[in-house]
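Quick notes on the structure that follows.
Values in this text are rule-based calculations from the coordinates and carry no lab data. No experiment lies behind these values; they were computed from the predicted model shown. Cβ sites come from the backbone with ideal geometry, for glycine too, and all protein chains shown count toward neighbours.
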Amino acid sequence: MTEANINIEEAVKALERRAIRASVVEDVAAAREYLLQRIPPGATVGIGGSMTIKELGIYDLLQERGNTVFWHWQVPPEQMKETVYRAAGADCYLCSANALTADGKIINTDGAGNRVGSTIFGPRRVIFVVGENKLVRDEEEGRERIRKVAAPLNARRLGLSNPCVDEGCTDCRAATRICSVTAIIEGPLRYTELEVLIVKARLGF
């Protein structure tokens, strides 16, 4: 059971009822192995801004295997914008979710929109890697998790002075706001193959 008291297997069944492929692994090592099996050696891979993916250590493993990987966290500032666009057109896109509901909704909130956009259209396959700490009861709780947990921690990580760092979410109008767009995936997408991998571990924010 998760902190939100959500049964992982029930979440998997809910995703499958929505025609979204879902799997569960026991730990980080198993998650890495799973991704290396699911991503072909010759595929290009895009990665969204994700502490979960960073904690997995999959970036180096993919590169060592020969995959071309586009991740704006791994390039100089002057190359970030171009790398984001390349990631959006990759064969496979890796990211996490800010929240995954018990009834199978995938919730992501973004500042620039590249991560949210790339999970909807562009890459042929999108794999969400979700730690058990991201499971919530419903959409309302998912949005609350973003406001109270994910957004403040990410703003702090980025060294931003957004109000949420100290005050919690105030629906601010800061130029550096990181909650500008939210996408809720509720079912299969016509041109994008979606997959969720739930890891029985705490990962990311």
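Tabulated results
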{"item": "Cβ-based charge dipole, the chain, positive-most Cα from N67, G89, A43", "result": "G89"}
{"item": "Label-to-label distance, nm, for residues given as E144 and T68 (7 Å Cα→Cβ offset)", "result": "4.6 nm"}
{"item": "Environment charge of C164, counting only residues whose C-beta is closer than 10 Å and scoring Lys/Arg +1, Asp/Glu -1", "result": "+1"}
{"item": "Around D103: net Lys/Arg minus Asp/Glu count, Cβ-Cβ under 13 Å", "result": "-2"}
{"item": "Least to most buried among Y59, Y85 (fewest other Cβ within 10 Å first)", "result": "Y85, Y59"}
{"item": "Net charge contributed by nearby residues that have their C-beta within less than 12 Å of L61 (K/R +1, D/E -1)", "result": "-1"}
{"item": "Rel. contact order, % - alpha carbon contacts under 8 angstrom, at least six apart, region 8-199", "result": "27 percent"}
{"item": "Largest to smallest principal axis extent of the C-alpha atoms in region 8-199, angstrom", "result": "44, 43, 31"}
{"item": "Contact order relative to length of region 37-112, as percent, for alpha carbon pairs under 8 angstrom and 6 or more apart", "result": "35 percent"}
{"item": "Charged-residue dipole, Cβ positions (Lys, Arg, Asp, Glu), the chain about Cα centre, Debye nearest 20", "result": "380 debye"}
